[in-house]
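S.K.: Handing you this structure, nothing more for now.
Coordinate-derived values only; no laboratory data. What you see is a predicted model, and the numbers here were worked out from it, not measured in a lab. Glycine gets a Cβ as well: all are built from the backbone with ideal geometry, and neighbour counts include every protein chain shown.
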């Protein structure tokens with residue numbers, strides 16, 4: 001019995017910008033760029049900021065950084081638990097908006113308690129958004145395009161990951177961390193707006 005030949009259809013980056021997919025591709029690229037830029041820009045510089053800008057000792061800054069970073073674990077879990085109840089688009093929009101609010105409040109935080117609270121808010125909701133993003137991204141394309149779509153979105157995110165720490169370092173040296181965290185608030189809100197305006201809900205929808 002002869003094996004059946006299966007014709008494979010190749011998809012390129014141009015396929016992602018075909019009419020049925022261009023809005024979701026634009027949304028994903030904006031979102032991935034923003035979330036990765038914000039994550040690495042914030043958390044690579046957090047211990048330095050806590051010492052030089054918030055007046056904590058080195059030991060205390062490392063302790064606070066550990067506590068803040070630990071909030072990423074329940075944040076990630078919360079996204080996984082709520083995604084089927086709330087829906088991908090709505091939950092991702094909410095989490096990015098709340099991470100933006102946390103960034104804005106962190107820009108005005110001065111006491112150790114304020115730093116811990118608002119740093120934890122950023123950590124919880126930014127990483128919660130990552131969990132939602134990993135589920136949402138491949139659902140926006142049919143099976144044949146899924147790897148191409150997710151791969152390109154992730155690649156655009158890596159550009160943000162390269163730029164984030166560099167931008168943060170430049171702005172800290174130039175203007176301090178307050179304008180920097182206002183910028184991170186805006187970056188989170190740009191992502192939330194892109195998802196809200198351009199995204200589609202995929203919960204309960206056939207992927208093909």
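S.K.: Quick one: Cα centre-to-centre distance for the stretch 173-208 and the stretch 70-133, in angstrom?
M.R.: The two parts, judged by their Cα centres, are 12 Å apart.
S.K.: Ok, one more. How far, in degrees from 0 to 90, does helix 72-86 lean away from the longest principal axis of the Cα atoms of the chain, to the nearest 10?
M.R.: 40 degrees
S.K.: Return one number: the angle in degrees, 0 to 90 and rounded to the nearest 10, between the long axis of the Cα atoms of helix 177-198 and the longest principal axis of the Cα atoms of the chain.
M.R.: Taking Cα atoms only, the helix is inclined about 20 degrees.
S.K.: On to the next question. With a 10 Å radius around each residue's Cβ, average the other Cβ atoms per peptide and rank 88-99, 46-57, 167-178, 22-33, highest first. Can you show the working numbers first?
M.R.: On the way: 88-99: 23.7, 46-57: 18.0, 167-178: 15.7, 22-33: 20.9.
Final packing ranking: 88-99, 22-33, 46-57, 167-178.
S.K.: Please give the helix 22-43 orientation as an angle from the longest Cα principal axis of the chain, in degrees from 0 to 90, rounded to the nearest 10.
M.R.: 30 degrees
S.K.: State, to one decimal in nm, how far the label point of residue 80 lies from the label point of residue 110, with both points 7 Å from Cα in the Cβ direction.
M.R.: So the two model labels end up 4.1 nm from each other.
S.K.: Which value in Å does the Kirkwood hydrodynamic radius of the chain take, with 1/r averaged over all unlike C-alpha pairs and then inverted? Provide the component values of the computation, followed by the final result.
M.R.: Numbers: mean 1/r = 0.0558 Å⁻¹.
With all distinct Cα pairs of the chain included, I get 17.9 Å.
S.K.: Where does the chain land at 222 nm, in deg cm²/dmol rounded to the nearest 500, when only DSSP H runs of n ≥ 4 count, each adding -39500 (n - 2.57), divided by all residues?
M.R.: Numbers: 9 runs with 164 residues, N = 208.
Mean residue ellipticity at 222 nm (helix-derived): -27000 deg cm²/dmol.
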